[in-house]
2 protein chains.
Amino acid sequence: MAVPEPKKDVCSFRRHQYLARAGEAQDHIYRLEEGWACRFRVLRDGRRQIVALFLPGELCEPQWLLSHRADLPVVALTPLRATTIGMDVADAHQQHRRDLLDPVYDAMLQALNRQAEWIVNLGRKTAAERICALIHDIFTRLRNNGRLIGDRFAMPLTQYDIADIVGLTPVHVNRVFKSLRREGIIDLKSRSMWIADPTAMQQLAAE
Amino acid sequence: MAVPEPKKDVCSFRRHQYLARAGEAQDHIYRLEEGWACRFRVLRDGRRQIVALFLPGELCEPQWLLSHRADLPVVALTPLRATTIGMDVADAHQQHRRDLLDPVYDAMLQALNRQAEWIVNLGRKTAAERICALIHDIFTRLRNNGRLIGDRFAMPLTQYDIADIVGLTPVHVNRVFKSLRREGIIDLKSRSMWIADPTAMQQLAAE
DNA sequence: CGTTTGTTTGAAATAACTCAACGGGAGTGG
DNA sequence: CCACTCCCGTTGAGTTATTTCAAACAAACG
């Protein structure tokens with residue numbers, strides 16, 4: 001009996017284009033092939049906080065397969081190429097296709113753990129520790145997805161983006177970067193980053 | 001054909017007793033009947049951050065059914081009574097028992113949303129806003145579970161606990177409480193809390 | 001080539017922290 | 001029943017990390 005593989009449509013987004021609006025119904029999730037995206041929340045007075053970061057090679061918002069709904073907006077941080085994974089995969093439930101479902105559950109569990117980690121970062125770490133934690137997290141995830149370029153990796157985030165991830169001011173993010181650079185811990189030019197020592201970086205992140 | 005209902009064992013814990021240690025394998029989850037618990041993380045230098053709060057009537061760590069593992073420790077904040085929900089419920093997958101599974105998935109989705117909300121609170125809100133958000137969240141959840149006592153509700157958290165939730169110092173938590181009390185927004189005595197106006201409280205939480 | 005977006009820096013203001021001390025209440029043991 | 005301890009709440013004074021405001025500069029962009 002032939003079970004059809006789920007169909008994968010390709011789609012692309014411009015920078016700052018929405019992948020989902022708050023409250024919108026969703027009948028598919030994304031897998032990012034190229035480019036970065038994030039989920040965020042804006043308070044009434046304009047304060048903005050990014051609550052999830054999606055890197056190339058990762059599943060974006062796997063929990064939509066359970067909730068069928070985007071609770072928060074998702075927007076492209078860079079130009080983006082993605083494939084869609086439709087709800088038909090959710091029917092794998094009935095088809096005993098754990099092989100299709102496991103990556104989705106896995107991504108959900110990872111998301112849950114990463115969010116817990118960010119609560120720790122925001123609640124209990126200094127500015128420098130938060131930024132080092134972010135850099136180390138990005139480095140590790142890009143490496144896991146085979147996205148290192150020599151001893152460097154893409155860092156397309158602006159200092160405003162980073163500020164909205166680590167819960168600081170863009171100005172202060174800039175000062176921390178300046179200090180990390182001065183001490184030779186990182187090198188960052190034209191959206192490409194190098195870090196001297198990943199293990200040392202993890203220490204600085206107070207992991 | 002008779003499908004057996006999942007068996008529910010009752011168990012109880014003392015305050016500060018662990019429901020799970022970090023990294024431990026788990027073959028069941030809990031439903032809290034009475035008492036509060038939390039998941040937390042301690043950094044090497046002792047800084048502590050609570051990343052999830054579990055109130056009476058709620059499922060505790062539903063994602064264990066997927067991961068079979070406690071990534072972070074869970075501890076009782078008060079004396080605790082709970083029932084267990086075993087892995088056999090996970091087999092509901094194969095039995096098409098969505099009726100058993102839905103509450104679990106629902107709890108997972110709620111946990112995910114609450115965590116996102118806390119990232120916003122910690123990243124972008126002032127001390128008073130964070131504490132009001134916590135009070136409002138607790139009030140709402142207790143009300144949803146029918147745990148209000150007249151116009152009051154149980155608040156067994158110490159100011160140390162609260163500090164570790166909202167990412168502040170116990171001393172500063174105390175000062176914020178003092179100010180909320182002075183303005184007649186809350187009343188708190190002998191572990192029982194009253195709030196003047198839930199809607200106003202939500203406003204103070206910067207929503 | 002002008003415009004916009006992002007980075008960098010300085011000086012002053014402030015929210016939250018640290019340190020230190022005291023007081024009350026709840027157990028506990030004599 | 002008292003004394004002792006421990007935990008928790010409370011308060012004050014001084015310090016610091018981060019923000020705010022303002023401005024200039026660089027880079028990307030159409």
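Each value in this text was obtained by applying a stated rule to the coordinates, not by laboratory testing. Keep in mind it's a predicted model, so treat the numbers as computed, not measured. In this analysis, Cβ positions are derived from the backbone assuming ideal geometry, glycine residues included, and neighbour counts consider all displayed protein chains.
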Charge dipole (the protein assembly as shown, unit charges on Cβ, about Cα centre) - positive-most of B:Leu19, A:Val51, B:Phe54: A:Val51
Three principal axis lengths of segment A:68-207 [C-alpha, angstrom, descending]: 57, 34, 28
Cα-based Rg of the protein assembly as shown normalised by 2.2 N^0.38 Å, two decimals: 1.02
Copies compared at A:Lys8 - label distances in nm, ascending, label defined 7 Å from Cα in the Cβ direction: 4.3
Inter-chain shielding of A:105-118 (mean C-beta neighbours from other protein chains, 10 Å cut-off): 5
Neighbour net charge for B:Ala107 - beta-carbon separation under 13 angstrom, K R +1, D E -1: -1
Debye equation applied to the C-alpha atoms of segment B:146-187, log10 I(q)/I(0) at 0.18, 0.26 Å⁻¹: -0.61, -0.94
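Assigning unit charges at the beta carbon (Lys, Arg +1; Asp, Glu -1) and nothing else, what dipole magnitude in debye, to the nearest 20, does chain A show about its Cα centre?
840
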Cβ-based exposure ranking for A:Leu43, B:Leu53, in which fewest neighbours within 10 Å come first: A:Leu43, B:Leu53
Net charge of neighbours whose Cβ lies under 15 Å from the Cβ of B:Ser190, counting Lys and Arg as +1 and Asp and Glu as -1: +3
Linear extension gain, A:Tyr160 paired with A:Glu24, 0.36 nm per residue minus alpha-carbon span: 46.3 nm
Pairs beyond 29 Å (Cα-Cα), from A:Lys125/B:Lys178; A:Lys8/A:Lys125; A:Lys189/B:Lys125; A:Lys125/A:Lys178: A:Lys8/A:Lys125; A:Lys189/B:Lys125
³J(HN,Hα), Karplus 6.51/-1.76/1.60, whole Hz, each residue of segment B:135-146, x for Gly, Pro: 4, 5, 4, 5, 3, 4, 5, 5, 5, 4, 9, x
Where labels lie 7 Å past Cα in the beta-carbon direction, separation of B:Lys8 and B:Ala127 in nm: 4.2
Sum of -39500 (n - 2.57) over DSSP H runs of 4+, divided by residues of chain B (222 nm, nearest 500): -12000 deg cm²/dmol
7 Å along Cα→Cβ, label-point gaps from A:Ile149 to other copies, nm, shortest first: 6.2
Counted charge near A:Tyr30, where neighbours are those whose Cβ lies closer than 13 Å (Asp, Glu -1; Lys, Arg +1): -2
Label 7 Å beyond Cα on the Cβ vector: B:Arg191 copy-to-copy distances, nm: 5.6
